[in-house]
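I have a structure I would like to understand better, so I am pasting it below and will then ask my questions one at a time.
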Amino acid sequence: MKKRIILFFAIVCVSILFLPNVLAHVPYLEHRDFSVEQPFRVRRSITQSIAVYSWLKTNELNISEDVDVYSFTIKNKPLRVYLEVLVPVCNGYYANFTPSFALVGPGLPTPNQTLPFNLPQGYGAIVKQDVSPGGEREQFYEPFGGKSYYQGPRFDEIVNISGTYYVYYWDPYQKGGDYVAVLGYKEQFPPLDILRALINTPLIRHDYELHLP
């Protein structure tokens with residue numbers, strides 16, 4: 001057993017160092033709710049690719065009104081911002097879970113729809129919606145985490161205004177469930193992020209990030 005554990009961590013290290021296409025994102029786990037008051041803060045540049053394994057929780061009536069919030073700062077403009085949402089397939093359990101997200105920031109347009117959160121003064125939003133529940137979605141297999149995912153909507157544009165930006169994730173159909181918030185596009189693994197991957201990847205492979213009943 002000990003040899004298997006050592007071999008697994010050796011494979012993880014080699015994959016991170018020499019096969020960046022296998023693990024494109026630094027994995028984070030949601031240990032607390034990411035709210036407006038306490039958002040997940042992107043500490044490095046928004047260009048570094050990270051994947052936050054998160055959950056839109058439901059209430060006692062099995063309805064999700066949860067909104068997760070992420071924040072980042074742009075100091076040197078223009079800058080490419082890449083965002084997306086993925087949903088684990090889980091034997092089709094999440095076939096009808098199609099979360100949306102919105103980039104909120106200065107200089108963005110006024111949204112033409114009602115949002116489940118208030119915009120900060122002077123801020124606009126770009127909303128990215130998925131298909132309706134039951135609609136066709138692309139699926140792909142991610143070998144390092146050992147799971148298949150539904151591909152959700154993406155945002156990939158140049159942002160030209162400096163300031164603090166927010167990304168809000170929610171389920172407009174209030175079903176709730178597990179999702180992955182992907183922020184950034186550059187495959188970078190500084191030493192602390194290699195350690196983070198070594199800790200979190202085995203948890204993801206054993207489904208500890210999921211909140212299935």
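The values are calculated or read from the model by the stated rules, or taken from the named source; none is laboratory data. Predicted model only: the values in this text are computed from it and were never measured. Note that each Cβ is placed from the backbone with ideal geometry, even for glycine, and that neighbours are counted across all protein chains shown.
Condition first: in contact with a Leu (Cβ under 9 Å, 6 or more places away or on another chain) and either crowded, with 16+ Cβ neighbours inside 10 Å or among the acidic types (Asp, Glu) (or both). Now tell me which residues in region 185-213 satisfy that.
Across region 185-213, the qualifying residues are Glu187, Phe189, Ala197, Asn200, Thr201, Ile204, Glu209.
The rows are residues; the columns are (1) among the charged types (D, E, K, R); (2) in contact with a strand residue (DSSP E or B) (Cβ under 9 Å, 6 or more places away or on another chain); (3) surrounded by fewer than 15 Cβ atoms within 10 Å (Cβ to Cβ).
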| residue | (1), (2), (3) |
| --- | --- |
| Pro109 | no, yes, yes |
| Asp130 | yes, yes, no |
| Pro133 | no, no, yes |
| Glu138 | yes, yes, yes |
| Lys147 | yes, yes, no |
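Right, next: Does region 86-94 include one or more residues that are more than 30 Å from Leu212 (Cα to Cα) and surrounded by fewer than 16 Cβ atoms within 10 Å (Cβ to Cβ)?
no
Looking at region 92-107, can you tell me whether even one residue there is under 22 Å from Gly184 (Cβ atoms) and among the hydroxyl-bearing types (Ser, Thr, Tyr)?
Yes, region 92-107 contains at least one residue that is under 22 Å from Gly184 (Cβ atoms) and among the hydroxyl-bearing types (Ser, Thr, Tyr).
Further question on the same structure: State which residue is nearest to the chain's Cα centre (by Cα) when the search covers only region 135-151 and only residues that are acidic (Asp, Glu) and closer than 19 Å to Asp178 by Cβ.
Checked region 135-151; the qualifying residue nearest to the chain's Cα centre (by Cα) is Glu142.
Pull up region 148-204, narrow it to residues that are in contact with a Pro (Cβ under 8 Å, 6 or more places away or on another chain) and of a type in the set (A, V, I, L, M), then point me to the one that is modelled with the lowest pLDDT.
The extreme case among them is Ala197.
Does Ser45 meet the test of being closer than 29 Å to Ser162 by Cα, surrounded by 14 or more Cβ atoms within 10 Å (Cβ to Cβ) and either in contact (Cβ under 8 Å) with a residue 24 or more places away in the chain or of a type in the set (Val, Ile, Thr) (or both)? Show your work before the answer.
Values: closer than 29 Å to Ser162 by Cα: yes; surrounded by 14 or more Cβ atoms within 10 Å (Cβ to Cβ): yes; either in contact (Cβ under 8 Å) with a residue 24 or more places away in the chain or of a type in the set (Val, Ile, Thr) (or both): yes.
Taking the combined requirement at face value, the residue satisfies it.
Right, here's the next one. Any idea which residue in region 152-184 is surrounded by the most Cβ atoms within 10 Å (Cβ to Cβ), counting only those that are within 15 Å of the chain's Cα centre (by Cα) and β-branched (Val, Ile, Thr)? If you could, list the steps in order and put the result at the bottom.
Going residue by residue through region 152-184, those that are within 15 Å of the chain's Cα centre (by Cα) are 152-156, 166-171, 176-184.
Next, only the ones that are β-branched (Val, Ile, Thr) stay: 167, 180, 182.
Numbers: Val167: 28, Val180: 24, Val182: 20.
Checked region 152-184; the qualifying residue surrounded by the most Cβ atoms within 10 Å (Cβ to Cβ) is Val167.
Taking the condition of being out of contact with any Asp or Glu (no Cβ under 7 Å at 6 or more places or on another chain), part of a loop (DSSP other than H, G, I, E, B) and not basic (Lys, Arg), how many residues in region 35-58 meet it?
Initial filter on region 35-58 (out of contact with any Asp or Glu (no Cβ under 7 Å at 6 or more places or on another chain)): 35-48, 50-51, 58.
Next, from what is left, pick out any that are part of a loop (DSSP other than H, G, I, E, B): 35-39, 42-47, 58.
If we keep only those that are not basic (Lys, Arg) too, we end up with 35-39, 42, 45-47, 58.
Here the count works out to 10.
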